[in-house]
1. Using a cut-off of 15 Å between beta-carbons, work out the net charge of the residues near ILE143 (Lys and Arg +1, Asp and Glu -1, ILE143 not included).
2. Can you pull the one-decimal nm distance between simple spin-label points at ALA167 and THR47, each 7 Å off the Cα toward Cβ?
3. Given Cα positions, please report Rg to Rh for the stretch 89-142, the hydrodynamic radius being the Kirkwood one.
4. With +1 on each Lys and Arg Cβ and -1 on each Asp and Glu Cβ, and nothing else charged, work out how big the dipole of the stretch 183-247 is about its Cα centre, in Debye to the nearest 20.
5. How much mean residue ellipticity at 222 nm does the chain get from its helices, if each DSSP H run of length 4 or more adds -39500 (n - 2.57) and you divide by all residues, to the nearest 500 deg cm²/dmol?
6. Could you give the Stokes-Einstein D for the stretch 183-247 in µm² per second, using the C-alpha Kirkwood radius, 20 °C, 1.002 mPa s?
7. So if each residue of separation counts as 0.36 nm, and I subtract the Cα-Cα distance between LEU57 and ARG247, what length gain in nm does that give?
8. What base-10 log of the normalised intensity I(q)/I(0) is obtained for the stretch 11-173 from the Debye formula, alpha carbons as equal point scatterers, at q = 0.12, 0.13, 0.16, 0.19 Å⁻¹?
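Since every read-out is calculated from the coordinates, none of them should be taken as a lab result. Values in this document were obtained by computation on a predicted structure and should not be read as measured data. Here Cβ is always computed from backbone atoms with ideal geometry, including for glycine, and neighbour counts include all displayed protein chains.
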Amino acid sequence: MTSIQNPQSIDYPVRVVAFIDILGFSHLIGGIGEDPALHAKVKHALTWFNFMRESSLRPFTAQSTLEFAVFSDSVVISAEVHELRSIIWSSLHLQAELLGIGVLLRGGIAKGRLVHTGNLIYGEGMLRAHELESRVAVYPRVIIEDDLVASLSDKYRSTFLRQDSDAMWFIDPFSIGIRGIDGEALAADGYDPYQIALKELGAEIDRQIAQTAELHHRVKWTWLKCQHELAVGELKRDGVTRWELMRG
């Protein structure tokens, strides 16, 4: 029998944690039996979850300072407090990657005491991040606690985040651009993958709004339509993403 560890030796540090899951996952699973394209989307999304987790296990990657855990349609990412930007960056790329194929994510990023070793996760930080995701985020957005937002510079905040009408700050996947599954091939052929992905996403948003009979689903897609229209307007005005503008 394993002995109980001395309570004085248990490490219970303050960490930053993101809890992110796929919106409408059960609905997606229910539809893949007769829809190979939908099946490909779901598989791509879950494969990307695992790709980022595996990347965190390798040295010298953007995720190597992070802890990842994947549970079916959810991913948990945590790190030391000074790695907040790495948490935001990984969450941003994850959301942009899946939004580009029409898979919506919702999540919360919070700070609090947390134990995270592999798939062993518990602590107040996890509870706070999960509460943000399940009770506050509502729409397909990954929101961030106000205290964490306040620790970011104005330039960083204005580049990668947006403040919504309810005063909540969320990471904006359009700030770095979205790409479909064929993004690399399109770029190689001289097309702008972001422009094409925006057009395809716009068509998917309109299709979802038109066909859904459930009000709460329509509300989420309508919210996304507003964000999409902002992104289209920015691209027409600037020709590049906000991230590319920041890089000069």
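1. Values: positive: ARG106, LYS111, ARG128, ARG135, ARG141, ARG157, ARG162, LYS220; negative: ASP21, GLU131, GLU133, GLU145, ASP146, ASP147, ASP164, ASP166, ASP172.
For residues surrounding ILE143, the net value is -1.
2. Rounded to a tenth, the inter-label distance reads 4.4 nm.
3. On the way: Rg = 12.4 Å, Rh = 12.0 Å.
Result: Rg/Rh = 1.03.
4. On the way: 9 positive and 11 negative charges, 60 e Å.
Once rounded to the nearest 20, the dipole reads 280 debye.
5. Numbers: 10 runs with 119 residues, N = 248.
So the calculated ellipticity at 222 nm is -15000 deg cm²/dmol.
6. Values: Rh = 13.2 Å.
The calculation lands on 162 µm²/s.
7. Separation in residues times 0.36 nm, less the Cα-Cα distance, equals 65.6 nm.
8. Evaluating at q = 0.12, 0.13, 0.16, 0.19 Å⁻¹ gives log10 I(q)/I(0) of -0.49, -0.58, -0.88, -1.22.
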